[in-house]
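I have placed the structure first, in the form of structure tokens, so that the comments after it can refer back to it.
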Amino acid sequence: MLTHRRRSTLNVPLRRHFHFPIMRHPFLGALALVLLPVVLAGCSNADVERVKSSTGLAGSLLPNGQPFGEVVENSKVCTSPKWSRREDDYKQVFVDFTCTAKTTDEINERARQRSLKELSDFAKGDLTSFGEGVERLKRMAEMKASEATRLVAAQRSRLEDLDRSIQNTEASLADPKNQELPPSWRRMAEQQLARSRMEREQVVTQAESEGVKEKAQADAAAQAAKSKLDSVVAFESRYKAAVEATSKAVMAEAQSHYAKGKAFQLRMSFKVPTERRPFLDRTEWTSEGKKLGLPDGPPNILAARDFDSTLERIIGNTIYFGAAKRFQDTVPVECPRDHFRVIETCREKS
């Protein structure tokens with residue numbers, strides 16, 4: 001007998017069992033779209049508030065019990081505070097605090113003078129080093145040029161010594177006074193004469209074969225040294241002009257960098273883990289959109305009990321123009337040295 005089998009609900013499409021009234025109701029759907037950014041903003045604000053309300057940021061020596069937000073927002077040095085939240089590619093949450101750090105004209109002037117002195121000393125040292133490199137090239141060219149002459153002179157001197165030895169030995173053997181000397185003396189004199197004649201033949205043969213090759217090599221080395229010297233000397237006027245022009249350009253940039261009323265932007269990025277307290281991840285200083293270099297690395301601004309005095313110290317001593325490095329990066333010519341500080345060549349930077 002056939003029985004009626006009840007159709008299983010597992011095969012029924014999911015949409016037949018679940019309803020989404022919000023999506024079907026135009027008003028509620030629109031309300032959801034309005035509330036969604038509010039919810040996300042609430043999450044964002046919560047992370048910002050965690051940092052602002054934190055009284056024990058990792059690595060901080062700020063007064064215990066005083067919220068970080070209260071410290072920085074009441075700063076007299078760090079004005080126009082702003083907070084923002086972001087996520088990186090790995091979904092790690094960061095809160096950024098930015099402000100405008102104003103400095104004094106006195107601090108700017110000290111920093112400007114220090115930077116200009118650094119630039120002047122470096123440019124003078126670079127020109128001095130160039131001159132010393134040229135002098136080393138001159139000495140090397142003179143040494144290479146004299147090597148060929150010394151080689152020929154050494155061969156000539158050796159032949160002259162051997163000729164004198166041969167002549168003296170022959171004269172001694174022919175001298176009647178020596179005829180009465182023992183036979184052993186004569187044998188020794190004849191052996192010495194034979195050795196001198198043989199050595200002279202070897203020196204002559206060597207001069208005609210290897211000596212010619214050695215002299216050619218010495219001449220080539222001397223010519224190469226002279227060509228290197230000539231090329232560097234010919235470049236000297238361009239090198240000095242480039243150093244002077246670059247120095248003026250960097251000096252003008254330094255004047256602008258440390259102008260009166262200059263303000264710098266401070267950005268502090270805090271990492272906000274879910275299970276640990278927030279901590280300072282990075283500190284950056286910028287000026288007119290350009291990132292400023294710090295010679296000793298970014299300092300931990302929180303590693304002091306007085307936030308404003310720490311900022312003033314950093315502004316006065318650490319916000320760094322880096323005149324010497326800017327000069328090196330922008331000077332359009334270069335004259336690399338070898339291990340002995342001898343100039344290899346001079347060329348225009350690509």
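The values are calculated or read from the model by the stated rules, or taken from the named source; none is laboratory data. These figures come from a predicted structure and were not determined experimentally. When we count neighbours, we look across all protein chains shown, and the Cβ atoms used for this are built from the backbone with ideal geometry, even at glycine.
Which members of segment 94-108 meet the condition of being surrounded by fewer than 19 Cβ atoms within 10 Å (Cβ to Cβ) and at pLDDT 85 or above?
In the first step, residues of segment 94-108 are kept if they are surrounded by fewer than 19 Cβ atoms within 10 Å (Cβ to Cβ); the result is 94, 96, 98, 100, 102, 104-107.
The answer is F94, D96, T98, T100.
Which condition breaks for E253 when tested against (1) modelled with pLDDT under 90; (2) over 60 Å from the mean Cα position of the chain (by Cα)?
Of everything listed in (1) modelled with pLDDT under 90; (2) over 60 Å from the mean Cα position of the chain (by Cα), E253 misses just condition (2).
Residues being outside any strand (DSSP E or B) and buried (at least 17 other Cβ atoms within 10 Å of the Cβ): count how many of those fall in segment 265-286.
Within segment 265-286, residues that are outside any strand (DSSP E or B) and buried (at least 17 other Cβ atoms within 10 Å of the Cβ) number 2.
Just to be sure before I move on: is Q179 exposed (fewer than 12 other Cβ atoms within 10 Å of the Cβ), modelled with pLDDT of 85 or more and polar (S, T, N, Q) in the structure I sent?
The answer is no for Q179.
Restricting attention to segment 244-259, which residues are hydrophobic (A, V, I, L, M, F, W, C) and surrounded by 20 or more Cβ atoms within 10 Å (Cβ to Cβ)?
V250, A254
Tally the residues that are surrounded by fewer than 13 Cβ atoms within 10 Å (Cβ to Cβ) and under 60 Å from the mean Cα position of the chain (by Cα), restricting the search to segment 155-176.
Qualifying residue count, segment 155-176: 3.
Considering segment 75-92 alone, what residues qualify as being in a loop (DSSP other than H, G, I, E, B) and surrounded by 14 or more Cβ atoms within 10 Å (Cβ to Cβ)?
So the first thing to find is which residues in segment 75-92 are in a loop (DSSP other than H, G, I, E, B), and the list is 75-77, 88-92.
Within segment 75-92, S75, V77 qualify.
Could you please tell me which pairs satisfy a Cβ distance under 8 Å, a separation of 6+ or placement on different chains, a first residue in segment 161-180 that is over 15 Å from Q191 (Cα atoms), and a second residue that is hydrophobic (A, V, I, L, M, F, W, C) and loosely packed, with under 14 Cβ neighbours inside 10 Å?
N178/W185
Suppose we filter segment 245-296 for residues that are β-branched (V, I, T) and under 16 Å from E109 (Cβ atoms); how many remain?
Taking segment 245-296 first, the residues β-branched (V, I, T) are 246, 250, 272, 274, 283, 286.
Checking the rest, the ones that are also under 16 Å from E109 (Cβ atoms) come to none.
Looking only at that region, the number is 0.
Identify, from the list V152, V134, V95, V72, the residue that is in a strand (DSSP E or B) and either in contact (Cβ under 8 Å) with a residue 60 or more places away in the chain or under 30 Å from S231 (Cα atoms) (or both).
After applying the criteria, what remains is V95.
Quick check on K262: is it at pLDDT below 85, more than 27 Å from the chain's Cα centre (by Cα), of a type in the set (K, R) and buried (at least 18 other Cβ atoms within 10 Å of the Cβ)?
yes
Scan segment 333-347 for residues that are acidic (D, E) and exposed (fewer than 13 other Cβ atoms within 10 Å of the Cβ) and report the count.
Counting residues in segment 333-347 that are acidic (D, E) and exposed (fewer than 13 other Cβ atoms within 10 Å of the Cβ) gives 1.
Determine whether segment 101-114 contains at least one residue that is in a strand (DSSP E or B) and not charged (D, E, K, R).
Yes; the residues of segment 101-114 include at least one that is in a strand (DSSP E or B) and not charged (D, E, K, R).
Taking segment 115-145 as the region of interest, how many residues are out of contact with any His (no Cβ under 8 Å at 6 or more places or on another chain), under 17 Å from Y258 (Cβ atoms) and buried (at least 16 other Cβ atoms within 10 Å of the Cβ)?
The number of residues fulfilling the criteria is 3.
Mind counting the residues in segment 289-333 that are modelled with pLDDT of 70 or more, under 21 Å from S115 (Cα atoms) and polar (S, T, N, Q)?
Residues meeting the conditions: 2.
Which members of segment 71-85 meet the condition of being within 34 Å of the chain's Cα centre (by Cα) and of a type in the set (G, A, S)?
S84
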